[in-house]
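Have a look at the structure below, then the notes.
The values are calculated or read from the model by the stated rules, or taken from the named source; none is laboratory data. Bear in mind the structure is a predicted one, so any value in this text is a computation, not a measurement. Don't worry about glycine lacking a Cβ; one is built from the backbone with ideal geometry, like all the others, and counts go over all protein chains shown. Accessible surface is based on the protein model in full, side chains and every heavy atom, while ligands, DNA and RNA are left aside. Shrake-Rupley method; radii C 1.70, N 1.55, O 1.52, S 1.80 Å.
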Amino acid sequence: MIIDCTGQPTGQPTGQPTAQPTGQRTAQPTTDAPTAQPTPVSKLGGNTEHIAMCALTKTTTITQFAPSWDCDGKSPKTPVCGDSAHPAWEGVECNAIGRRVRSISWASIQHKVSGHIDNRIKHLTRVKQIDFHNHKLTGKLPTKMSQLEELKFLDLRKNDFKGNVPLSWRKLDSREVKWFVHGNKRIRNADGHQ
């Protein structure tokens with residue numbers, strides 16, 4: 001059987017029968033090495049992470065300053081965590097097992113990324129650190145940020161967020177997450193996180 005680049009069967013190779021007569025068995029060839037099959041981009045890191053990462057490419061200007069951040073709809077054009085042919089997306093670190101996003105930092109991006117962060121960020125279920133400080137991000141702080149169970153550090157300083165810190169962010173405090181929003185002049189009730 002031939003497998004295409006998405007891991008799907010494409011049919012039988014030329015010259016091989018498509019079916020065996022009933023009742024007959026054919027010996028299958030054996031090999032010492034497993035056959036490597038390419039992993040489709042949509043399977044690398046999990047589809048839900050791709051929803052979050054591609055949402056950031058749609059709701060912010062990150063693609064203008066970091067070309068590796070490129071999606072086709074809800075799927076990355078290259079693996080977020082990289083592979084043998086592509087580096088990881090700029091500012092993204094992944095864990096070695098399972099290739100899940102563990103850190104996103106836009107600190108090294110010298111231009112100011114603008115736009116907003118929507119609640120699809122909740123799909124980064126293994127992320128431990130998010131650093132989007134010193135950009136031009138606007139809108140309200142995403143309420144679903146509190147659903148990031150493994151989050152340890154969140155830096156949204158020096159942007160242009162507005163409104164109240166979501167009540168759901170109390171979960172961040174109860175889990176002892178270090179989070180910072182100072183430098184956002186229109187944020188209210190940050191209680192020690194300003």
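Looking only at region 124-134, how many residues end up being under 21 Å from residue 114 (Cβ atoms), open to solvent by 10 Å² or more (accessible area, probe 1.4 Å) and assigned to a loop (DSSP other than H, G, I, E, B)?
Within region 124-134, the subset under 21 Å from residue 114 (Cβ atoms) is 124, 130-134.
Pick out the ones that are also open to solvent by 10 Å² or more (accessible area, probe 1.4 Å) and you get 131, 133-134.
Still in the running and assigned to a loop (DSSP other than H, G, I, E, B): 133-134.
Qualifying residue count for the region: 2.
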Exercise. Which residues, taken from region 81-102, are within 16 Å of residue 50 (Cβ to Cβ), modelled with pLDDT of 90 or more, under 11 Å from the mean Cα position of the chain (by Cα) and open to solvent by 30 Å² or more (accessible area, probe 1.4 Å)?
Worked result: 88, 100, 102
Problem set entry | Residues satisfying the stated conditions in region 36-80, i.e. assigned to a loop (DSSP other than H, G, I, E, B) and at pLDDT below 90 | 36, 37, 38, 39, 40, 44, 45, 46, 73, 74
Seminar exercise, completed: Only one of (1) under 17 Å from residue 60 (Cα atoms); (2) open to solvent by 40 Å² or more (accessible area, probe 1.4 Å); (3) touching a residue at least 40 places away in the same chain (Cβ under 8 Å) does not apply to residue 121, and that is (2)
For this session: Please name all residue pairs, on different chains or six or more residues apart, with Cβ atoms under 8 Å, provided the first residue is in region 67-79 and is more than 17 Å from residue 93 (Cα to Cα) and the second residue is polar (S, T, N, Q).
Result: 71/57; 74/47; 75/42
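So, in region 103-118, of the ones that are in a loop (DSSP other than H, G, I, E, B) and among the polar types (S, T, N, Q), which residue ends up least open to solvent (accessible area, probe 1.4 Å)?
We begin by selecting, within region 103-118, every residue in a loop (DSSP other than H, G, I, E, B); these are 106-113, 116-118.
Still in the list and also among the polar types (S, T, N, Q): 108, 110.
On the way: 108: 76, 110: 172 Å².
Here the answer is 108.
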For this session: Output yes when any residue across region 166-188 is at positive phi and surrounded by fewer than 16 Cβ atoms within 10 Å (Cβ to Cβ), and no when none is.
Result: yes
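Being closer than 17 Å to residue 60 by Cβ, of a type in the set (Lys, Arg) and in contact (Cβ under 8 Å) with a residue 12 or more places away in the chain narrows it down to one of 152, 112, 171, so name that one. Reasoning before the result, please.
Working: 152 fails: closer than 17 Å to residue 60 by Cβ; 171 fails: closer than 17 Å to residue 60 by Cβ.
Unique residue meeting the criteria: 112.
Say we look at region 147-165 and pick out the residues that are surrounded by fewer than 16 Cβ atoms within 10 Å (Cβ to Cβ) and within 24 Å of the chain's Cα centre (by Cα); which of these is nearest to residue 188 (Cα to Cα)? Quick ask: steps written out before the conclusion?
Step one: filter region 147-165 for residues surrounded by fewer than 16 Cβ atoms within 10 Å (Cβ to Cβ), giving 149-150, 153, 162-164.
When the remaining residues are screened for being within 24 Å of the chain's Cα centre (by Cα), the result is 149-150, 153.
Numbers: 149: 24, 150: 25, 153: 20 Å.
Per the criteria, the residue is 153.
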